[in-house]
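In what follows, a single structure is set out as structure tokens and then discussed.
Coordinate-derived values only; no laboratory data. Treat the numbers as computed from the prediction; the structure is a model and nothing was measured. Here the Cβ positions follow ideal geometry from the backbone for every residue, glycine too, while neighbour counts run over all protein chains shown.
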Amino acid sequence: MATLLHRLGRTAFRCRLRFLTGWLALLFLVGGAFAAYGSHLDSEATIPGSESQEGIDLLERSLPEATGVTAQLVFAAPPGKTVDDPAHKARIRDAVREARSAPQVAEVTDPFKTGSISADRRTALAQVLYPIKRDVLEDSSVTALEDIAATARSGGLRAEVGGTVYSTAGMEAGVGEAIGVGVALVVLVLTFGSLLAAGLTLLTAVAGLAIGLLGLMLVSNVATISDTAPSLALMVGLAVGIDYTLFIGSRHRSQLAEGMAAEESAARAVATAGGAVVFAGLTVIVALAGLSVVGIPFLTVMGLAAALTVLMAVAAAITLFPALLGLAGERLRPRPGSRAGRPGRAGAGGLRWARLVTRRPLVTIPVVLLALGAMALPALRLDLAMPDNGTADPASTQRKAYDLISDAFGPGSNGRLLILVQTRGGDPVRAADRVAGGLDIRGVKSIGDPERGGDGRTAVVNLVPEQGPRSEATQGLVRRIRARTPALGAAADARVLVTGSTPAAIDVSDRLRDSLPPFTAVVVGLSLLLLLLVFRSVLVPIKAAAGFLLSAGAAFGAVVAVFQWGWLARLFGVATTGPVFSFMPIVVIAVLFGLAMDYQVFLVSRIREEHVHTGRPREAVLTGARHTGRVITAAALIMFAVFASFVTTDDLTLKPIALGLAAGVLADAFLVRMTLVPAVLALTGKAAWWIPRRLDRILPDLDIEGARLGRPAAHADPAAEPVAPSR
């Protein structure tokens, strides 16, 4: 691998104009196509194979109006008044009439005719029905409904809008993300000691990210891409893009400082640091693509979308970046006497830290394990659920509507269950009545009258639970009802399915919970296998996998502390505490696994490179830490800044993922890779690199450290192609 990458780096350096032209052409091609065709993101999440999805599919055929997006107009009279007050009643009816003529609306129910008025006559509820899916609903249609509610607010009457018209925020790049990029640029300048080197690094990362995101948007026109997929792709692609280029650029600058010719330095940086980048990038891609094994299309698309941006980040780092290095030429060589121009001083901080943690490894290792264990302790209380309007900002209209409905009609009114009854030939309404009679059990507040479907074989019963959609009581109720439906269906000679948004959310959470242990086992097993191939060691992969699990525990602990317990919630902009988004653990594990392998490969490959050349394990640890400590610190700070900037988003699906990744990266980089790994390697000595001889003969030699390249003289190559002189 090192030999091939060396040739690629040298070719890109020499043929820089061709490579730059190719990347520009690709950028203009996807940019022009995006300008012409745009994108079509989908907000619908399906759960193939689940009972709720089976019921939703059947409803779409027999009662399509029940599967469209809905809104709720909630009206509440002031204290001491009722909605029957003539002035309030007139405003409510005016609002209902205006809503019927609002864009894309199919039907609006009059609460005074349907009886959707609370027992104290202070709250009225009007249902607004749209015969379309959420991704087809225009934002202007929701805004029009909010304007109608605002007009109805007069004389103390409250009017709010809720319902399924509100979903996650999707991709939004705002001030927080810009601050994250700004912090990354500052860290790059401090790391390189050169504004030019920092600018080229950021330019490479942004170019790869832009092409990846534009390509993803184009794919959404021919394939189903969820509206949250670009957000995860943006976050992950930006972080790894900067880090991968940083790894190669730092190696190039250090080699230039030692006197190596610019062309040979670029080629060797791509061959060594670039080899670690390729391996780490492929590891991230495999982990993200592995999300498809869960069997939830929404999650599969998120993983594949992020994997695409990671692939473009790797490609840009090993082809575009060396071409830019060729364009910069000698201008990147550190000036004599500068901090970057003194190789012995450049990694002094990393060397001091490595000496400190390896001096008494039997003290360092227990202390780090105790610290990581304490950080992971809150993760034992992790509670998962799907977000809804009850988790929205308390100041938002959808949250106010949710709370008004809960207070007036009971929390279960926000989480109705649909009991779908399909007969084999009899009257579906009669069969549904018979089924409903057997569902009057503990936890059920009310059961509505059956509604006949258009196919003449189907009827739907609305069931209102006593508790809210995210409560454990409602989850238990859904399971008890499903345990009863086979017998009730047999007695009514019908097929019975429990469906709706609440059962669908429960099905998603259950499937993710069941998939998490085997997925984690696959990821850990993959890390053991890949690291065994790279480092040809038994201990190193085991240590790396154990460190990853500790980092994941710390990430989950931080999420629980902030999103469930409310610690520093205001600082992170968390308006409501409660169960965490169900997708968070499995996405964090997939992404964090790849990022942890970045640091592991970059650090340990440099340590092994020294060990291969010198055969002295302790000196190899110190030398590897000296060369990589500064870069890993910068990379971790950049990733932390990028992930932390996404915590400011309003997207409830992305917010806990971003916080978990930010905490996990800090724990993994500073506690695991830069502290625990050197201490363990120093303690085990040569045993760290032991591998059975028979296994050693079987495994292929990947040579990502570039051992076969040899060690060239640290002076300029007179045969090298002339480059621009230093200014």
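Sort the stretch 1-109 into rounded, prolate or oblate with this rule: let a ≥ b ≥ c be the square roots of the eigenvalues of the Cα gyration tensor; rounded if a/c is under 1.5, and if a/c is not under 1.5, prolate when a/b is larger than b/c, oblate otherwise. Prolate.
Footprinting exposure proxy ranking of THR151, THR272, THR109, fewest other C-beta atoms within 10 angstrom first, gives THR151, THR109, THR272.
Extension gain for the segment ARG479 to TRP567, taken as residue separation times 0.36 nm less the Cα-Cα distance, is 28.4 nm to one decimal. When the helices of the chain are scored as -39500 (n - 2.57) per DSSP H run of n ≥ 4 and the total is divided over every residue, the value at 222 nm lands at -19500 deg cm²/dmol. Inter-part distance, the stretch 1-36 to the stretch 60-114, computed on C-alpha centroids, equals 57 Å. Net length available on complete extension from LEU370 to ARG100 is 91.0 nm, with 0.36 nm assigned per residue and the Cα-Cα distance removed. Between ALA25 and TYR37, residue separation times 0.36 nm minus the direct Cα-Cα distance comes to 2.5 nm. Taking a cut-off of 18 Å between Cα atoms, list the lysines near LYS686, but don't count ones fewer than 8 places away on the same chain. Cα-Cα hits under 18 Å: LYS543.
Here each label is just a point 7 Å from Cα along the line to Cβ, and for THR648 and VAL186 those points are 1.2 nm apart.
Site pair PHE112 and ALA348 shows an inter-label distance of 8.3 nm when each label is modelled 7 Å from Cα along Cα→Cβ. The peptide list 291-299, 663-671, put in order of mean Cβ contacts within 10 Å with the highest first, becomes 663-671, 291-299.
Which semi-axis lengths, in whole Å and largest first, follow from the square roots of five times the eigenvalues of the Cα gyration tensor of the chain? Its equivalent ellipsoid spans semi-axes of 56, 27, 23 Å. The shape of the stretch 70-163 comes out prolate: with a ≥ b ≥ c from the C-alpha gyration tensor, a/c is at least 1.5 and a/b beats b/c. Expressed as a fraction of 2.2 N^0.38 Å, the C-alpha radius of gyration for the stretch 417-499 is 1.03.
Spin-label model, ASP449/ALA223: points 7 Å from Cα along the beta carbon direction are separated by 4.9 nm. Its Cα centre serving as origin, the stretch 417-499 has a Cβ charge dipole (Lys and Arg +1, Asp and Glu -1) of approximately 280 debye.
A Cβ-based charge dipole, computed about the Cα centre of the chain with Lys and Arg at +1 and Asp and Glu at -1, lands at about 3080 debye.
In terms of other Cβ atoms within 10 Å, TRP23, TRP690 run from fewest to most in the order TRP690, TRP23.
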